[in-house]
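Inspection log for the structure reproduced underneath, given as structure tokens.
The values are calculated or read from the model by the stated rules, or taken from the named source; none is laboratory data. Please read all numbers here as calculations on a predicted model, not as lab measurements. All Cβ positions, even for glycine, are placed from backbone atoms using ideal geometry, and neighbour counts span all protein chains on display. We work out accessible area using only protein heavy atoms, side chains counted, and drop any ligands, DNA or RNA first. Shrake-Rupley method; radii C 1.70, N 1.55, O 1.52, S 1.80 Å.
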Amino acid sequence: MSEQRFGEFVAVRRHERGFVAELVLDRPKAMNAVSSEMARSIGAACEALAADAAVRVTVLSSSNEKAFCVGADLKERNSFTDADLVRQRPTARAAYTGVLELPMPTIAAVHGFALGGGFELALSCDVIVADATAVVGLPEVSVGVIPGGGGTQLLPRRVGAARAAELVFTARRVEAAEARELGLVDLLEDDARTAALDLATRIAANSPVGLRAAKRAMRLGHGLDLRAGLDVEDAAWRSVAFSGDRAEGVAAFNEKRKPEWPGV
């Protein structure tokens, strides 16, 4: 396993010949509170991952034993002037958008607190794996703001408008069992990180071209009417139908062997 640092608080680890990458939030003393510096590092790490065609799946995890991420660094925010807050906004937004727009499948491994921006980072992933320690929520209205890392848009898409409204308006924290019941997390496992990496390894056995096209079709087609969504799907199909991965997949199936994906 190799590791690349992005500033002091973010690392990218490569697993399984580099096919699985782990984006590690690594500010344990602050329970991964997202400072301006950390936000820049998340954005930079996502930019590097997005440009790496060898990465088939990314797992978003934490080095802290008690928290996935507790959201924005409110101690830093308390020192901001209004002008500072305006200047910092694009940096913060780029971090969340960076995770959301990663082109490969993404899995969040949630252990402990995932609150505010921390839960929004998880919501930006395709699948959320949690363990029994997980506590999630969007408490921003309790400190006078709103979920600004995608929460007001991603949560309704995940659990429906009314359920999202109740969770955002009450600012309540939801423990693991209820979070699974409500659909705030997808899988509840004994060890979130191990389970997320195992899932990533299974996914990474599939065509990297197919995985990225399938994600693109699902993301772009969400919310469209059926006819428009099927057009999005058709465009994604055409992007893979004549690929090297498609040719290798069909050949491997007929030859009863594991495919060696060219990734093109």
Exercise. Calculate the spin-label point distance for LYS29 paired with SER2, positioning each point 7 Å from the Cα along the beta-carbon direction, and give it in nanometres.
Key: 3.0 nm
Quiz item: Given 0.36 nm per residue, what is the gain on full extension from ARG93 to ARG163 after removing their alpha carbon distance, in nm?
Solution: 22.7 nm
Self-check item: Candidates GLY151, GLY137, GLY229: whichever shows maximal mean-square fluctuation once the chain is modelled as a Gaussian network with Cα springs under 10 Å
Solution: GLY229
Quiz item: Ignoring ligands, DNA and RNA, how do HIS111, HIS222 rank by accessible area with a 1.4 Å probe, largest first?
Solution: HIS222, HIS111
Self-check item: Kirkwood-Stokes translational diffusion coefficient of region 86-150, alpha-carbon pairs, 25 °C, 0.890 mPa s, µm²/s
Solution: 197 µm²/s
Exercise. Quick one: work out the % antiparallel among DSSP beta bridges in region 84-200, nearest 5.
Key: 20 percent
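When DSSP assigns beta bridges and you keep just the ones with both residues in the chain, what percent turn out antiparallel, to the nearest 5?
Close to 40 percent.
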Exercise. Please give, to one decimal in nm, the separation of the simple spin-label points placed at LEU230 and ALA132, each 7 Å out from Cα toward the Cβ.
Key: 4.8 nm
Quiz item: Taking amide hydrogens as modeled 1.01 Å from N in the peptide plane, which residues meet the under 5 Å criterion relative to LEU25, leaving out close sequence neighbours?
Solution: SER61, SER62, SER63
Quiz item: Taking 0.36 nm per residue of separation and subtracting the Cα-Cα distance, what length does fully extending ASP191 through GLU16 add?
Solution: 61.1 nm
Quiz item: Quick one: Karplus J couplings for region 59-69, per residue in order, coefficients 6.51, -1.76, 1.60, θ = phi - 60°, nearest Hz, x for Gly and Pro?
Solution: 9, 9, 9, 10, 8, 8, 6, 10, 8, 6, 5
Self-check item: In sequence order, calculated HN-Hα J values of region 131-144 (Karplus, 6.51, -1.76, 1.60; Hz; x Gly/Pro)
Solution: 10, 5, 7, 5, 9, 10, x, 10, x, 4, 5, 6, 10, x
Quiz prompt | Contour minus Cα-Cα distance for GLU255 and ALA50 (0.36 nm per residue) | solution = 70.5 nm
Quiz item: Share of the chain's accessible area from carbon and sulfur, percent, 1.4 Å?
Solution: 55 percent
Quiz item: Per residue, how many Å² of accessible area does region 192-264 show with a 1.4 Å probe?
Solution: 66 Å²
Quiz item: Ordering SER35, SER142 from largest to smallest accessible area (1.4 angstrom probe), what's the sequence?
Solution: SER142, SER35
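In debye, nearest 20: dipole of the chain around its Cα centre with unit charges on the Cβ of K, R (+) and D, E (-)?
Computed about the Cα centre, the dipole is about 340 debye.
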Practice problem: Within region 215-264, list the GluC sites (Glu not before Pro) lying in a DSSP loop whose Cβ has at most 15 other Cβ atoms in a 10 Å radius. | Solution: GLU255, GLU260
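If you count only protein heavy atoms with a 1.4 Å probe, what accessible area per residue comes out for region 1-108, rounded to a whole Å²?
Counting only protein heavy atoms, the per-residue value for region 1-108 is 48 Å².
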Quiz item: Hey, can you rank 165-172, 211-218, 20-27 by average C-beta count inside 10 Å, highest first?
Solution: 20-27, 211-218, 165-172
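Which FRET efficiency value, to the nearest 0.05, is calculated for THR152 and GLU37 with the Förster distance at 35 angstrom and r the Cβ-Cβ distance?
With a Förster radius of 35 Å, E is 0.85.
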Self-check item: Accessible area (Å², 1.4 Å probe, nearest 10) - ASP84
Solution: 40 Å²
